[in-house]
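Colleague: Pasting a structure below so you can have a look.
The values are calculated or read from the model by the stated rules, or taken from the named source; none is laboratory data. Keep in mind the model is a prediction, meaning the values are calculated, not measured. Because the Cβ atoms are built from the backbone with ideal geometry, glycine has one as well, and the counts that use them run over all protein chains shown.
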């Protein structure tokens, strides 16, 4: 029997996903400035707000493995966040797991109701397909969150643009404020 090395590596707490089929992209402030309550002209449009790594072997019914690294940046006091999305197939769930940092996982249903869960190293979150979800970094370090979902879930960002998350998370004098 032949023994081979794994094609992928993921140092859950210190590193990122690496390997031959790992896709990587970054979102810069210029890409997502419209998701924040107000434009911040003190931030360069080139500022990296978050990075996403996805392992995708391809094929039908593929299971994806991802990592989001969300930087500890505020935009006029508003905590840094991801765009957030529903799944195109609202029956498809996703699992998030905290790999480092501190933040919130915001949930939004199709009627506009919201709630949040704290997310931190070791936390585990089952996201039902009927909820939109967004990560918010409320800490002083990078918020690192792993994810696992089926490719069939898809991503629906347009619904969030049309009917955004109604609460915003700010940091004022070191305290988290929800508005």
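Colleague: Tell me, which residue of region 40-59 that is at negative phi and free of Cβ contacts under 8 Å to residues at least 12 places away in the same chain is surrounded by the fewest Cβ atoms within 10 Å (Cβ to Cβ)?
Modeller: 42
Colleague: I'd like to know if region 6-21 contains one or more residues that are surrounded by fewer than 18 Cβ atoms within 10 Å (Cβ to Cβ) and modelled with pLDDT of 95 or more.
Modeller: Within region 6-21, none of the residues are surrounded by fewer than 18 Cβ atoms within 10 Å (Cβ to Cβ) and modelled with pLDDT of 95 or more.
Colleague: Looking at region 117-141 only, could you name the residues that are touching a residue at least 60 places away in the same chain (Cβ under 8 Å) and assigned to a loop (DSSP other than H, G, I, E, B)?
Modeller: 121, 139, 140, 141
Colleague: How many residues does region 60-78 contain that are touching a residue at least 40 places away in the same chain (Cβ under 8 Å) and touching a helix residue (DSSP H, G or I) at 6+ places or on another chain (Cβ under 9 Å)?
Modeller: So the count comes out to 6.
Colleague: Residue 161 - would you say it is surrounded by fewer than 15 Cβ atoms within 10 Å (Cβ to Cβ), modelled with pLDDT under 95 and touching a helix residue (DSSP H, G or I) at 6+ places or on another chain (Cβ under 9 Å)?
Modeller: yes
Colleague: What's the number of the condition residue 76 fails, among (1) surrounded by fewer than 16 Cβ atoms within 10 Å (Cβ to Cβ); (2) under 18 Å from residue 161 (Cα atoms)?
Modeller: Only one criterion in (1) surrounded by fewer than 16 Cβ atoms within 10 Å (Cβ to Cβ); (2) under 18 Å from residue 161 (Cα atoms) is unmet by residue 76, namely (2).
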